[in-house]
Amino acid sequence: MPNEQMERIRGVERDILEGFLALIQEKFPKAEEAAYFLESNVGASAINISIANLRDVVSHLGTVIRHPEWSREEKLAQLANAEEHTRRAIMDSYNKAAFITSEKVFELLEKYKSIVLPLKSGRNPTLSSAPELLSLKTRLKSVSELRTKARKAKGRNVWDQEWEAGVKALVVAFWELKDIEQVMEDYIGRATQIRDNKKTTLLTWWGIIATIATAILGIIVSILLAR
């Protein structure tokens, strides 16, 4: 149908507006869900990336409505951009959640190596079940592979099954990182308590020794003064 014969609403082709409405009805909720996931698991300060992309989706719709004189191709480009920002709002939210958690995990890993593993190697029974470094690195490698899969899916710029599999990979990666984080925090807490107890015990013994030494010295001084 020639462009001039197409049904229009406020000067914009009906099918283009329906495309925007379908995007908002069917896929916008997934973007909101991703934003909520990021906020609830990482914190409100992290959701700027979600807000920016969701705002841009609405902005592209507004641009089309404000410029009914634009060509059909220009309006379709705005719809395509809105779809891209919707995809980014979803993928980038889950990716940021995984990234922030990954940063924390690698910080904890350094503490784990310096606090937990030395005490574990001393065969402390409280830490006997603490995972070895190789086990943690194997899990982190699996997480890295999931995130790589997601990056490849994102780069295709197509909302299909492979792209959705990439989103799911990020969610799996995030929860795997959270589990690793919780495991390390648990054993770091145990190891710190053990180390603090050892320090307390050592200080107690030094206190006893100091008390005995002071008593002996007092006796010796008394004997010497009595002569």
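Values computed for the structure shown
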{"quantity": "Verdict on Ser102 being more than 19 Å from Val167 (Cα to Cα) and part of a helix (DSSP H, G or I)", "calculated": "no"}
{"quantity": "Test for Ser114: is it within 29 Å of Trp175 (Cα to Cα) and either part of a helix (DSSP H, G or I) or at pLDDT below 95 (or both)", "calculated": "yes"}
{"quantity": "Check on Ile65, over 27 Å from the mean Cα position of the chain (by Cα), part of a helix (DSSP H, G or I) and either within 18 Å of Ala173 (Cβ to Cβ) or in contact (Cβ under 8 Å) with a residue 24 or more places away in the chain (or both)", "calculated": "yes"}
{"quantity": "Answer residue from region 1-52, given it is within 26 Å of the chain's Cα centre (by Cα) and outside any helix (DSSP H, G or I) and is modelled with the lowest pLDDT among those", "calculated": "Ile47"}
{"quantity": "Total residues in region 52-91, condition acidic (Asp, Glu) and within 13 Å of Asn157 (Cα to Cα)", "calculated": "2"}
{"quantity": "Residue check for Arg55: over 30 Å from Val183 (Cα atoms), of a type in the set (D, E, K, R), surrounded by fewer than 16 Cβ atoms within 10 Å (Cβ to Cβ) and within 33 Å of the chain's Cα centre (by Cα)", "calculated": "yes"}
{"quantity": "Only one of Ala80, Ala89, Ala150 that is closer than 30 Å to Glu26 by Cβ, touching an Asp or Glu at 6+ places or on another chain (Cβ under 9 Å) and not in a loop (DSSP other than H, G, I, E, B)", "calculated": "Ala89"}
{"quantity": "Matching entry among Ile220, Ile194, Ile180 (being at pLDDT below 90, over 19 Å from Asp92 (Cβ atoms), β-branched (Val, Ile, Thr) and surrounded by 13 or more Cβ atoms within 10 Å (Cβ to Cβ))", "calculated": "Ile194"}
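The values are calculated or read from the model by the stated rules, or taken from the named source; none is laboratory data. Because the structure is a prediction, the values reported are computed rather than measured. Note: ideal-geometry Cβ built from the backbone for every residue, glycine included; neighbour counts use all protein chains shown.
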